[in-house]
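Before any comments, here is the structure.
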Amino acid sequence: MGQAGCKELCRSLFDYKTEKYVIAKTKKVGLLYRLLQVSILTYLVASWWEGRRPKPAPTASWAWGNFPEGSNKADAHLLPPPHSWVFLIKKGYQDTDTSLQSSIITKVKGVTFTNTSELGERLWDVADYVIPPQGENVFFIVTNLIVTPNQRQRTCPESESIPDALCYNDSDCPPGEPVVAGNGVRTGRCLPLGDAQRGTCEIFAWCPVETKSRPAKPLLGQAEDFTVYIKNFIRFPKFNFSKTNVLDTKDRSYLKSCRFGPKNPYCPIFRLGSLVSWTGNKFQEMALQGGVIGIQIEWDCDLDKAPSECNPNYHFSRLDNKFSENSISSGYNFRFAKYYRDRDGVEFRTLMKAYGIRFDVMVNGKAGKFSIIPTIINVGSGVALMGAGAFFCDLVLIYLIKKSHFYRNKKYEDVRDLEFHPGSAESSRQGGAPEAEDAVGPGLSELPEAQDGGCGPKENGCVCRQLLEPSRSGPLGNGKVNMEQLQNLQTVEA
């Protein structure tokens, strides 16, 4: 038993499998197959067509439902939809470049006038409220201030709002040690606060220390009408393609009079109040505590089209978390000072705690151009998808439907080679017609029609008796099997 199994295993190593096409006359599986084909073709064609159809010139992507000055609801068709489906806009026939090279130049313009007790009458221009002045991709605009003027290096009491500065006697203020989160270094003295027993440590610092709280209204509330000019240069090195977001014109007055909007997508001059409102916030509230706004410029270029079709899209968002009004974590601020010398050459300064809005300009994008390699790859993937539909229908046909065993037997069939035996001619001469079955191979002897020799008029696949009898005439003669008869036997069997 073991030898027979081993022998069969060895023989199976040399078996060859080939496809057999069976036409199944079943409407359910046929309908399923056509539906799968139509679905796959629709997906492939829709992806190709959506990627190639012309798109309207994009302008900007504001918060949905908010429109800039000079626009109305009728301009809504100029804005891109809030969501896009990736499989509809993927251009599988293109080679892409995402290694975008970019440069940003920013300029802010606007003046305002203030009159305060600390600063008096003062005119604020770009050099006063823009930090840093170089015009980089990150810039800060001052909108509110706490001013502590005429600070000099000397001794004074530390602020009572500093927990580490509280004391009851001089031993609580060891000299030379800095005050944690304070403004200076302890001198060793404890200075009482009025009639209270508790006081604060005396420090050596820039005195007087900052004690004022944030103003209830922003100092530069009129900065809402300031403008910022954002110039962007981009380059896709793979395709050697360059472009800018500024209109190529010789009209010198264009940038002095235009404002960004649906009708002027290539005028990158933005009003500060509009930038804040497009993020869903109010300028006066943000100007009071400060905040961070992200300006994202996105370039999605189809280089199979004209260069004029490659347009920037702008997205505006608030990057810092908006807490409640009384939260200590709200807003954005920092301190800086301006230094002076008096007539005696003694240095003094004016300390400013600045609240304002920081703008982060970020650029990303990609470019695509037709290439034969990704086209071939994606077409091959589509053909493979079509084959997956046929594979799924095969599973349904031979495993899931009621007559699956019938179709399975029709699809998978074992076929053996027809072999000639050298002794078949002599056997046919001595034994007559019965030995003819062995001459045509063992496969035919198993046919029931060949064994009984019968052949009815309506029996399919039967082997007639005269075909099994050896031919005694013709070129072969003498009881040998004629090759024409053998071919007829194979045709009838098939």
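The calculated FRET efficiency for residue 222 paired with residue 315, based on their beta-carbon distance and R0 = 30 Å, is about 0.65.
From largest to smallest, the equivalent ellipsoid semi-axes obtained for the range 259-372 from the alpha-carbon gyration tensor read 41, 19, 14 Å.
Short-range pairs are left out: with C-alpha atoms under 8 Å and at least six residues apart, the relative contact order of the range 133-281 is 20 percent. Between residue 177 and residue 366, how high is the FRET efficiency from 1/(1 + (r/R0)^6) when r is the Cβ-Cβ distance and R₀ = 51 Å? Nearest 0.05. Efficiency, rounded to the nearest 0.05: 0.35. With the gyration tensor restricted to C-alpha atoms of the range 137-273, the semi-axes of the equivalent ellipsoid amount to 55, 19, 11 Å, longest first.
Per residue, the range 161-239 exposes an accessible area of 55 Å² to a 1.4 Å probe, with every protein chain left in place.
At a Förster distance of 22 Å, what's the computed FRET efficiency of residue 14 paired with residue 413, Cβ-Cβ distance as r, to 0.05?
Values: r = 18 Å, r/R0 = 0.81.
The value I calculate is 0.80.
Model label points for residue 305 and residue 168, set 7 angstrom from Cα along the Cα-to-Cβ axis, are 7.8 nm apart.
Our summary of shape: the Cα atoms of the range 215-297 have principal axis extents of 53, 32, 20 Å, ordered from largest down, in whole angstrom.
Pull up the cross-link candidates among the lysines for residue 109, meaning alpha carbon to alpha carbon under 24 Å and not fewer than 8 places away within one chain. By straight Cα distance, residue 109 reaches 217, 231, 250, 256, 263, 282, 338, 353. For a paramagnetic label modelled on residue 107 (point 7 Å from Cα along Cα→Cβ), amide N atoms under 13 Å away belong, within the range 239-274, to 252-258, 268-270. Taking the protein heavy atoms of the range 286-417 in the context of the full set of protein chains, the accessible area attributed to carbon and sulfur is 54 percent at 1.4 Å. Here the peptides 303-314, 269-280 are ranked by packing, the mean other Cβ count within 10 Å, and the order with the highest first is 269-280, 303-314.
The values are calculated or read from the model by the stated rules, or taken from the named source; none is laboratory data. These figures come from a predicted structure and were not determined experimentally. Backbone-built Cβ (ideal geometry, glycine too); neighbour counts: all protein chains shown. In case anyone asks, the SASA skips ligands and DNA or RNA and just uses the protein heavy atoms, side chains included. Shrake-Rupley method; radii C 1.70, N 1.55, O 1.52, S 1.80 Å.
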